[in-house]
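Structure first, commentary second.
The values are calculated or read from the model by the stated rules, or taken from the named source; none is laboratory data. In this text, all values refer to a predicted model and were calculated from it rather than measured experimentally. Cβ placement follows ideal geometry from the backbone for every residue including glycine, while neighbour counts extend to all protein chains displayed. Quick note on the areas: whole protein, heavy atoms, side chains included, nothing else; ligands and nucleic acids left out. Shrake-Rupley method; radii C 1.70, N 1.55, O 1.52, S 1.80 Å.
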Amino acid sequence: MRIFRFDEIDSTSDFLKRKEDKQEFDLAVAKVQTKGRGRRGNTWVSSQGMAMFSFLLKVDKNISLEEYSKLPLVTGLAVLKGISRIENLDFKFKWTNDIYFNDKKLCGILVEKVGEFFVIGIGININNRELGTVENTATSLINETGKSYIIDDVIFTVLDEFKKQYKRFCCGEWNLILTEINSRNYLKNKEIYITGSSWTILGQAGDIASDGCLEVEINGKKEFFNIGEVHIKKG
Ligand code: BTN
């Protein structure tokens with residue numbers, strides 16, 4: 001495994017995407033990102049004290065792209081289990097792949113495919129106290145426990161856990177993985193909105209289904225969603 005460390009870079013995911021000689025589990029770690037990216041084209045506020053890293057996973061030709069659509073969920077579970085090894089708190093999994101604690105976002109995950117590789121980018125709020133524009137919706141481990149952490153410990157524990165969970169996934173253990181994810185399902189029974197490019201639905205979230213879709217009950221009828229941004233209905 002090659003490790004590329006940066007005091008500052010635009011984005012660890014973009015660094016790996018640009019890299020010509022890609023190798024599986026190449027790992028890029030940054031203290032600060034100047035153009036951190038989130039899902040759906042959002043900016044990822046990337047301040048000192050976060051664990052910010054990306055790594056490469058080689059596409060396995062024996063696994064279909066449909067199967068790979070579950071990779072963000074597998075990664076989410078791996079991050080949840082990894083950070084639980086650092087601090088055993090009641091972390092929740094928010095579909096599709098955020099980690100929440102105390103109703104606030106602790107971690108975001110961005111999975112992208114570039115040719116023969118997936119670039120998996122992870123940002124976890126660890127030692128950063130100031131959360132700026134997202135302070136009402138996000139939290140950090142230090143703000144929750146008052147302790148500070150060794151960022152490398154977090155990164156290598158999460159990576160180790162990813163390898164374990166990905167191995168289970170490749171060995172046909174998806175149903176067991178899904179059961180674990182559903183046992184931490186943050187959205188379950190919550191009134192939610194899901195917004196797409198030109199639509200919004202309102203309903204009650206249920207389990208995550210076997211194909212990775214979120215079950216939502218809308219006017220007494222179960223429907224399944226595989227895309228969209230989820231918002232919790234307030235009040
Ligand atoms: C999200 O919740 O929208 C996903 C956020 C992913 C952020 C991480 S930080 C490391 C890697 N580099 C990036 O530019 N993004 C990911």
* Asked: Would you call residue 188 among the charged types (D, E, K, R) and outside any loop (DSSP other than H, G, I, E, B)?
  -> no
* To do: Might you let me know whether segment 76-85 holds any residue that is at pLDDT 95 or above and in contact with a Gly (Cβ under 6 Å, 6 or more places away or on another chain)?
  => no
* Asked: Is it the case that residue 61 is open to solvent by 20 Å² or more (accessible area, probe 1.4 Å), assigned to a strand (DSSP E or B) and away from the ligand (no atom under 14 Å from the Cβ)?
  -> no
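Confirm whether residue 123 is surrounded by fewer than 14 Cβ atoms within 10 Å (Cβ to Cβ) and either at pLDDT below 95 or within 10 Å of the ligand (Cβ to nearest atom) (or both).
no
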* Structure fact -> Restricted to segment 192-213 and to residues being outside any loop (DSSP other than H, G, I, E, B) and of a type in the set (S, T, N, Q), the residue least open to solvent (accessible area, probe 1.4 Å) is 195
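Among the residues of segment 217-235, write down those that are under 23 Å from the mean Cα position of the chain (by Cα) and outside any loop (DSSP other than H, G, I, E, B).
From segment 217-235, those under 23 Å from the mean Cα position of the chain (by Cα) are 224-233; that's our starting set.
Of everything in segment 217-235, those that are under 23 Å from the mean Cα position of the chain (by Cα) and outside any loop (DSSP other than H, G, I, E, B) turn out to be 224, 225, 229, 230, 231, 232.
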* Asked: (1) in contact (Cβ under 8 Å) with a residue 12 or more places away in the chain; (2) in contact with a strand residue (DSSP E or B) (Cβ under 9 Å, 6 or more places away or on another chain): which one isn't true of residue 85, the others all being true?
  -> (2)
* If you check residue 82 against the conditions, is it among the small types (Gly, Ala, Ser) and open to solvent by less than 10 Å² (accessible area, probe 1.4 Å)? -> yes
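Table: residues versus (1) more than 25 Å from residue 90 (Cβ to Cβ); (2) of a type outside the set (A, V, I, L, M); (3) in contact (Cβ under 8 Å) with a residue 60 or more places away in the chain; (4) in a strand (DSSP E or B).
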| position | (1), (2), (3), (4) |
| --- | --- |
| 149 | no, yes, yes, no |
| 153 | no, yes, yes, no |
| 159 | no, no, yes, no |
| 176 | no, no, no, no |
| 215 | no, yes, no, yes |
* Asked: Does residue 6 count as aromatic (Phe, Trp, Tyr) and buried (at least 22 other Cβ atoms within 10 Å of the Cβ)?
  -> no
* To do: Scan segment 26-48 for residues that are in contact (Cβ under 8 Å) with a residue 60 or more places away in the chain, in a loop (DSSP other than H, G, I, E, B) and open to solvent by 20 Å² or more (accessible area, probe 1.4 Å) and report the count.
  => 4
* Somewhere in segment 128-138, is a residue at pLDDT 95 or above and within 19 Å of residue 38 (Cα to Cα)? -> no
* Which numbered condition trips up residue 13, out of (1) touching a helix residue (DSSP H, G or I) at 6+ places or on another chain (Cβ under 9 Å); (2) buried (at least 19 other Cβ atoms within 10 Å of the Cβ); (3) of a type outside the set (A, V, I, L, M); (4) in a helix (DSSP H, G or I)? -> (1)
* Structure fact -> Among the residues of segment 1-42, the number that are within 9 Å of the ligand (Cβ to nearest atom) and charged (D, E, K, R) is 6
